[in-house]
1. Give the residues of the stretch 1-15 whose amide nitrogen is closer than 11 Å to a point set 7 Å from the Cα of GLN42 in the direction of its Cβ.
2. Specify the inter-centroid distance of the stretch 1-34 and the stretch 56-96, based on alpha-carbon positions, in whole Å.
3. Please list, ordered by chain and number, the residues whose modelled amide H lies under 5 Å from the amide H of SER83; skip anything fewer than 5 residues away on the same chain.
4. Which whole-number percent is the relative contact order of the chain (Cα, under 8 Å, 6+ apart)?
5. What percentage of the solvent-accessible surface of the chain, computed with a 1.4 Å probe over protein heavy atoms, is contributed by carbon and sulfur atoms?
6. When a/c is below 1.5 the answer is rounded, else prolate if a/b is larger than b/c, else oblate, so apply that to the chain with a ≥ b ≥ c taken from the square roots of the Cα gyration tensor eigenvalues.
7. Please compute the per residue accessible area over the chain with all protein chains in place, 1.4 Å probe, rounded to a whole number of Å².
8. Just flag the trypsin sites (Lys or Arg not before Pro) in the chain sitting in loop per DSSP whose Cβ has no more than 15 other Cβ atoms within 10 Å.
Amino acid sequence: MSLTLDQVRWVAHLARLDLGEAELETMTRQLSAILEYVDQLQKINTDHVEPLAHPLPIHNVFRDDDPAPSLSVDAALQNAPDSRGEFYGVPAVLDS
C-alpha cells in the first residue's frame, strides 16, 4: 500500500507534527514501506498457528495479594506537607 503526500500530511496534522516538505517526502516513503511490510505479514497463512501472548514461556512472578493491615489515618498523614481533616491538602488546579 502506497501513501500519498496528502495522506501523510494529514497524519502529521493529526499528530500535531510540523513537517517540512523534505520531511514529508521522507515520511511518505518510510510509512509506505511499513504498510507494505504489514501487508506482506497479513498474507501469511496462520491457520494452524496457536495464538500467543508472548513468544517465550513467561509467567507472572507477582506475589499473592494477601490482605494486610493498612496505615492509620494519622500515620499516613504524618509527613504530609498539608492535610485537611483526614485528607491530603493539594493546591487547586481548576478555576472556581
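1. Only 1-2 pass the distance filter.
2. The distance from the Cα centre of the stretch 1-34 to that of the stretch 56-96 comes to 44 Å.
3. Counting only residues 5 or more places away or on other chains, the set is GLY89.
4. It rounds to 20 percent for the chain.
5. Of all accessible area on the chain, carbon and sulfur atoms account for 57 percent.
6. oblate
7. Solvent-accessible surface per residue comes out at 97 Å².
8. Filter output for the chain: ARG16, LYS43, ARG63.
The values are calculated or read from the model by the stated rules, or taken from the named source; none is laboratory data. Source: prediction; values computed, not measured. Every residue, glycine among them, receives a Cβ derived from its backbone with ideal geometry; neighbour counts consider all protein chains shown. Ligands, DNA and RNA are stripped out before the accessible areas are found, and what is left, the full protein with its side chains, is counted by its heavy atoms. Shrake-Rupley method; radii C 1.70, N 1.55, O 1.52, S 1.80 Å.
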